[in-house]
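Just below is one structure, and these are the notes that go with it.
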Amino acid sequence: MKEVTGEVLQDQIRVTMSGHIDSNNAPEVEQNVRELLEQAPGRPVLIDAEKLVYISSAGLRVILRIRKTNEEVRIINVSPEVYDIFDMTGFTQMMTIEKAYRVVSVEGAEEIGRGANGTIYRIDQDNVVKVYNNADALEEIQHEREVARQALILGIPTAISYDVVRVGDSYGSVFELLNAKSFSKILAGEPEKMDWCVKEYVDLLKKIHGTLVPPGQLPDLRETVISWGEFLKPYIPEAAWNKLMAMLREIPHDDHMIHGDYHTKNVELVGDEVLLIDMDTLAVGHPIYELASMYNAFIGYSEYDHSNILGFQGFDFDTAMEFWRKSLAAYLNTDCEAKIREVENKARIIGYTRMIRRSIRRHGLEKEESRAEIELWKKNLLDLLDKTYSLVFSNNELDVEASTDNLDDVIDFVRGFLEKADCPLKIQMQVEVAVEEIFINIASYAYAPDKGNANIRVEILEDPKVAAIQFVDRGVPYDPLAKEDPDVTMSAEKRQIGGLGIFMAKKSMDDISYRYEDGKNILLMKKNL
Amino acid sequence: MSLNVLEKADLHMHTSASDGTDSPSEIIELVKEEGIGLFSVTDHDTIQGCRMVISARSSSDPHFLTGVEFSCRDEGGKYHILGYGYDVDAGPIHELVEATHVLRLEQFGERIKAITKEYGFYFSEENLRELYSHEEPGKPHLGNMMARLGYAKSKDDAILNYLNKVKIHSKYIRPEDAIQGILRSGGIPVLAHPVYGSGEELYMGEDMEMRLRHLLELGIQGVEAYYSAFTMPMQELMLDLADKYRLYVTAGSDYHGTNKLILLGDTNLERISDAHPGFRRFLNAVSDRIY
């Protein structure tokens, strides 16, 4: 057996050392090594020591000589015994020496989590291992460690792997996770803890989304999401696709953190601490991207076949639906059904876009089963695209189609804010009348005969307490205030049709103003509370 | 003698007089190119190379110190002992070299006997006369002859598959004999590459100290603490021991020409002025013997 073999690659010299290297064969080893090094002087050297059983000082000297002529020497897969020799003699200080990976089996181990790139198993009481799908995952592991470390520095509670192991033909990273229990498991086994789970889950989500990440530290999801949209071009009608792309491009760049795969298998209860795991998808971007992936995990993925969720999360579709809806409500800090639906629909648009792309890429359109599923997602996507005009959202804004059908939703949304501000009933009624008039006005005239959206923003200001309500539409420029006030002394028959509503709105509010800006009609009204 | 302390010193290298590939006059040129201000030639068991350097060297060439490296063994193990600054005409150093030469000839004879017995190769009187006509007959000469006689495909084949396969009891002089011979020739005995034993072992920590104490009793005066194949912990260990036992310190590469990957002048000591005090004490002790 030859103790040293090797090849000169484009970017490195790869040397494999095996068996015993001692004074009997060191001269030959040295000769082989020298021939390799001479082919590419100074090129980085990678020594694979997986099969190296023993190395004597004669062997050490050969390695030291390599180091003298080649700045960059890395030795990998070193057995613990050989590593001790390298460590004792100071070699570990002179070059990168990596121990061989421990071999871990996950046969019969409990699966406790599953992410985009791997599956997490509990290997004993204190430790879990994440096994990567990709067989050549060392770089991914490195990436995940790095982002987990960054997240921890930024205050996000997470586990950082302390060891890399071999699991079958894949790599795994080992985490210490004492007595951890995923939220999926809690929801499946202790349904009475639903509300507690929602609260903890959303608190952590808000913490993630509230974390500003220094530029360049994490990948930006924006371009990725746009590329998902681009993929759909041949598969949906052109007008719908154009609208989708315009909306995706309109989502602004955002430096806040998003987890990217935030579902209940990736949130663990450890003691009384809630920890985030599976950090490889960590990124920055608008929170709608996160909500989209959450929608997929809880609903979208099981929308065609409701039994999917059971295999994935361990709880049923109804539980998933309840958890998702409650979480979204808590995240948006609202009970307003219309608000929840607005954001859900926006999340669904991105969610479906992603799933259709993924399914086509994975299974193509040949398989009957996946085609039926894709058709369902596509139908839902097109329905949503028809009545949606923007994918951004804000907690104190309601973005709805300017249609009289949505009047109740708008009033409901505004009322929520007024009630929270302890607004007297009389004033509440006055505000609602004004909101109704303005919204009906927009719904009736702004886009006719086409369709469009209206954005209603509510702000409660303190000192003095004022409700400020702003209506924005992108319809034809129109100043409803410019119209002369109707002569209310005239008889009803002689009065001009319309105009009365606006007049009432003006009357009942303390201040009302209009401006046209960037192609938008902006009407702002204020009411002292 | 004026030594430039900003220059390098390399006191351990081999010429073609032993197992190096450069002739003594080639070594002088290489040392010059390398910017080495002080050098010594330390061939195994011979001072022939030193004699040639002394006669080939001109006054403007780098400073030179006589050297030699003896392979020794006793009950405690094997050692390589360097001798520096001896008088090339002194009797004891010649007796030492002669003793090692006789041992090697005996060993060579045993090797011929062993392969004759093991493989049935036959060497005629004339063959043997030819072999022994070499100053220092060894495996390469025997290998060449075996290839010529058709016993092996090539010299390398002969060495690898026959000569190295037979067990020969190697013969060595004892460390105390080497140390005393060096001292009586006006030289300073120094333990070569201490951490690596005779080159193939590894002694760290207390093992190293025990070994050193044994040699101290036999009269060793210095350690080669700056050595091409030493890591920082090895160097620090030897410098600490040099402090503890107040030993001389030397610096050497163990350059063998193209036979090994070692670079000439690579001693892990950039400049003489950076050296441990033990090295300056050494230079002081040999100052009147530097050419």
Exercise for review: Could you calculate the FRET efficiency of A:S105 with A:L382 from 1/(1 + (r/R0)^6), where r is the beta carbon distance between them and R0 is 51 Å, rounded to 0.05?
Suggested key: 0.60
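For A:E223 and A:E38, compute 0.36 nm times the residue count separating them, minus their Cα-Cα distance, and round to one decimal in nm. If you can, show how the numbers build up before the last one.
Numbers: separation 185, 0.36 × 185 = 66.60 nm, distance 4.52 nm.
Extra length available between A:E223 and A:E38 comes to 62.1 nm.
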Study note, to complete from the structure: Amide H contacts under 5 Å for B:Y248, restricted to residues at least 5 apart in sequence or on another chain and with H modeled in the peptide plane, are B:G222, B:V223
Review point. Between the stretch A:190-211 and the stretch A:82-129, how many Å separate their Cα centres?
Key: 31 Å
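In debye, nearest 20: dipole of the protein assembly as shown around its Cα centre with unit charges on the Cβ of K, R (+) and D, E (-)? Show your work: numbers first, answer last.
Values: 90 positive and 135 negative charges, 136 e Å.
The dipole magnitude comes to about 660 debye.
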Exercise for review: With only Lys, Arg, Asp and Glu charged, each at its Cβ (+1 for the first two, -1 for the last two), find how big the charge dipole of the stretch B:107-163 is about the Cα centre; round to the nearest 20 debye.
Suggested key: 160 debye
Exercise for review: Could you check the simple spin-label distance between A:M321 and A:E459, using points 7 Å along Cα→Cβ, in nm with one decimal?
Suggested key: 3.9 nm
Practice item. Mind computing the radius of gyration and Dmax over the alpha-carbon atoms of the protein assembly as shown? Å is fine for both. Key: 42.4, 148
Review point. Can you tell which of B:L212, B:G143, B:L202 lies farthest toward the positive end of the dipole of the stretch B:129-230, using +1 and -1 charges on the Cβ of basic and acidic side chains (Lys, Arg; Asp, Glu)?
Key: B:G143
Point to revise | In nm, spacing of pseudo-spin labels at A:R341 and A:Y235 (7 Å Cα→C-beta vector) | key: 2.7 nm
**Study point:** Average other protein chain Cβ within 10 Å of Cβ, residues B:200-213
**Key:** 2
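Is the shape of the stretch B:107-163 rounded, prolate or oblate, going by the alpha carbon gyration tensor and its root eigenvalues a ≥ b ≥ c, with a/c under 1.5 for rounded and a/b larger than b/c for prolate? The partial results should precede the final answer.
Details: a/c = 1.38, a/b = 1.22, b/c = 1.13.
Rounded shape, in that the Cα axes give a/c under 1.5.
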Study note, to complete from the structure: Zone reached by a paramagnetic label modelled 7 Å from A:E517 Cα along Cα→Cβ, restricted to the stretch A:386-408 with backbone N below 17 Å, covers A:397
Point to revise | Number of partner chain Cβ atoms within 10 Å, mean per residue of A:62-71 | key: 3
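Given a cut-off of under 8 Å on Cα pairs at least six residues apart, what relative contact order in percent is computed for the stretch A:32-171?
Across the stretch A:32-171, relative contact order equals 18 percent.
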Exercise for review: Give the long-range amide H neighbours of A:L52: residues separated by 5 or more places, or on another chain, with amide H under 5 Å away, using H modelled in the peptide plane at 1.01 Å from N.
Suggested key: A:G19
Practice item. With everything on Cα atoms, drop me the angle between helix A:57-69 and the longest principal axis of chain A, reported from 0 to 90° to the nearest 10. Key: 50 degrees
Point to revise | Karplus 3J(HN,Hα) series, Hz, for the stretch A:502-514 with 6.51 cos²θ - 1.76 cosθ + 1.60 (x for Gly, Pro) | key: 4, 4, 5, 4, 4, 4, 7, 9, 7, 7, 8, 9, 10
Exercise for review: Compute the acute angle (0 to 90°) between the alpha-carbon long axis of helix A:407-420 and the principal axis of greatest extent of the alpha-carbon atoms of chain A; round to the nearest 10°.
Suggested key: 80 degrees
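To the nearest 20 Debye, how big is the dipole of the stretch B:218-291 about its Cα centre, given +1 on the beta carbon of each Lys and Arg and -1 on that of each Asp and Glu?
On the way: 7 positive and 9 negative charges, 45 e Å.
The dipole magnitude comes to about 220 debye.
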Revision key, fill the gap. Per the 1/(1 + (r/R0)^6) rule, R0 = 45 Å and r from the Cβ atoms of A:V270 and A:Q10, FRET efficiency to 0.05 is 0.50
Check your understanding: In peptide A:92-101, what is the residue-averaged number of other protein chain Cβ atoms found within 10 Å of each Cβ?
Key -> 1
Practice item. Between the alpha-carbon centers of the stretch B:243-272 and the stretch A:316-367, tell me the distance in whole angstrom. Key: 71 Å
Check your understanding: In degrees, nearest 10, range 0 to 90: what is the angle between the Cα axis of helix A:138-153 and the longest Cα principal axis of chain A?
Key -> 50 degrees
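What does the C-alpha gyration tensor say about the overall shape of the stretch A:110-176? Classify as rounded when a/c is under 1.5, otherwise prolate if a/b is larger than b/c, or oblate.
Oblate shape, in that a/c is at least 1.5 and b/c is the bigger or equal ratio.
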Exercise for review: Name the residues whose placed amide hydrogens come within less than 5 Å of the amide hydrogen of A:S182, ignoring near sequence neighbours (fewer than 5 apart) on the same chain.
Suggested key: A:L269
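On a 18 Å Cα-Cα criterion, which of the cross-link pairs B:K117/B:K153; A:K2/A:K51; A:K130/A:K181; A:K2/B:K153 come out too long? Provide the component values of the computation, followed by the final result.
Values: B:K117/B:K153 20 Å; A:K2/A:K51 12 Å; A:K130/A:K181 15 Å; A:K2/B:K153 20 Å.
The pairs that break the limit, which is 18 Å between Cα atoms, are B:K117/B:K153; A:K2/B:K153.
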Check your understanding: For A:E50 and A:Y478, FRET efficiency with R0 = 51 Å and r from the beta-carbon atoms, rounded to 0.05?
Key -> 0.10
Exercise for review: Treat each spin label as a single point 7 Å out from the Cα along the C-beta direction, and report the A:N528 to A:Q125 distance in nm.
Suggested key: 6.9 nm
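If packing is taken as the average number of other Cβ atoms within 10 Å across a peptide's residues, how do B:74-82, B:248-256 rank, most packed first? List each step's numbers first, then the result.
Working: B:74-82: 18.4, B:248-256: 26.6.
Going by the mean number of other Cβ atoms within 10 Å, highest first, we get B:248-256, B:74-82.
Quick note: the coordinates plus some simple rules give every number you see, no bench work behind them. Treat the numbers as computed from the prediction; the structure is a model and nothing was measured. Neighbour counts run over all protein chains shown; Cβ positions are idealised from the backbone, glycine included.
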